[in-house]
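*Asks:* Let me give you the structure first, and then I'll get to my questions.
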Amino acid sequence: MKTQSIIIGLIASVVVLYFIWTKFKNQKPQADTDTSRPSAELLPAQEKQNDKLVIVKDVSYTDLQTILTGFCNMYNKERYQAQPRLTKITEREFAISFPFDIDFEIFCYFINYVQYPMDFDKAFNVTGWTTTKSGDNWITEKSANKKAMLFIPSDDTDHDNVFMTTIDNIGFKLGFAMGEEKQLLDGPKRKFSTPTIDILELANKEHKDFK
């Protein structure tokens, strides 16, 4: 009888732990609503030429503003790491540039965040472009100093990475987990394509800056 009670207790404990684990596994992280920032004196004042560009499709202007604010809330607490500039192309398509530049690693996090924003139950259509540099995090000799396209494919299930295709169609998976940061693929997940928007043409368009 005692053995039977122990077995029943163990089964009950396993069931409870399973439901707890399932709850936390499926619980979506909440967006950071803390809008505190470092002193405005630390804001970069001089724009820095760069070609980092992100195109987001099938999203509303209101939702995208919420997403960009959430990202800045996360990454600009101690220092200004991201100052995205939002430009409307059409009612459902937007360009995001970085007039003060952004580190390549944070740029990758940005693309992932916009695709999988917190407090949203859907993913968005996001593609980014930049020219890589030697010394950038996750960049190897096969990918350095090349134009590259960054994206997350529709069949992605990891949710903690971006994929990169260089202009000569060498493909990489850049994982955010330790040990998965720069995986050379047998072939690109998507072939390289140039953006349909010229970043230089955005300068004269109406825009909104985030910090």
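All of the numbers you see were taken from the coordinates with simple rules; none came from a lab. No experiment lies behind these values; they were computed from the predicted model shown. When we count neighbours, we look across all protein chains shown, and the Cβ atoms used for this are built from the backbone with ideal geometry, even at glycine.
*Asks:* In percent, how large is the relative contact order of the stretch 47-209, given Cα pairs closer than 8 Å and 6 or more residues apart?
*Replies:* Relative contact order of the stretch 47-209: 21 percent.
*Asks:* Specify which residue in the list TYR109, ASN73, PRO99 is farthest towards the positive end of the charge dipole of the stretch 51-122, using unit charges on the beta carbon of Lys, Arg (+1) and Asp, Glu (-1), about the Cα centre.
*Replies:* Sorting the options by dipole projection puts first PRO99.
*Asks:* Would you mind ranking LEU150, LEU185 by Cβ crowding within 10 Å, fewest neighbours first? Before the final figure, lay out each step's value.
*Replies:* Values: LEU150 24, LEU185 13.
Listed from fewest to most nearby Cβ atoms, that is LEU185, LEU150.
*Asks:* Ok, one more. Restricting to DSSP loop positions (anything but H, G, I, E, B) with no more than 10 other Cβ atoms inside 10 Å of their own Cβ, which trypsin sites (Lys or Arg not before Pro) remain in the stretch 96-203? Please list the in-between numbers first.
*Replies:* On the way: sites: LYS122, LYS133, LYS142, LYS146, LYS147, LYS173, LYS182, LYS189, ARG190, LYS191; in loops: LYS122, LYS133, LYS142, LYS146, LYS182, LYS189, ARG190, LYS191.
Sites meeting the loop and neighbour criteria: LYS122, LYS191.
*Asks:* May I ask you to evaluate 6.51 cos²θ - 1.76 cosθ + 1.60, the Karplus curve with θ = phi - 60°, for each residue of the stretch 163-178 and list the ³J(HN,Hα) values in order in whole Hz, giving x for glycine and proline?
*Replies:* Once θ is set to phi - 60°, the couplings for the stretch 163-178 become 9, 9, 10, 7, 4, 9, 6, 9, x, 9, 10, 9, x, 8, 7, 4 Hz.
*Asks:* Using the 10 angstrom Cβ neighbour count as an exposure proxy, how do GLU78, GLU180 rank, fewest first?
*Replies:* Fewest-to-most ranking of GLU78, GLU180: GLU78, GLU180.
*Asks:* Right, something else. For Cα pairs less than 8 Å apart in space and 6+ apart in sequence, what is the mean separation divided by the residue count of the stretch 49-106, i.e. the relative contact order in percent? Provide the component values of the computation, followed by the final result.
*Replies:* Values: 73 pairs, mean separation 26.9, N = 58.
Result for the stretch 49-106 is 46 percent.
*Asks:* While we're on this one: Can you compute the label reach from GLU93? Point 7 Å from Cα along the Cβ direction, backbone N cut-off under 15 Å, restricted to the stretch 127-153.
*Replies:* Flagged as within label range: 127-128.
*Asks:* Right, another one. Can you sort THR194, THR87 from fewest to most other Cβ atoms within 10 Å of each residue's own Cβ?
*Replies:* Starting with the residue having the fewest Cβ neighbours, the order is THR194, THR87.
*Asks:* Amide H neighbours of LYS189 under 5 Å, at least 5 residues apart or on other chains, H built in the peptide plane: list them.
*Replies:* Residues meeting the criterion, in which the H sits 1.01 Å from N, are PHE172.
*Asks:* Might you report the magnitude of the Cβ-based charge dipole of the stretch 99-150 about its Cα centre, with Lys and Arg at +1 and Asp and Glu at -1, to the nearest 20 debye?
*Replies:* Here the stretch 99-150 has a charge dipole of around 300 debye.
*Asks:* Oh, and also: On full extension of the chain, what length is gained from MET178 through ALA123, given 0.36 nm per residue of separation minus the C-alpha to C-alpha distance?
*Replies:* On the way: separation 55, 0.36 × 55 = 19.80 nm, distance 2.42 nm.
This chain segment gains 17.4 nm when fully extended.
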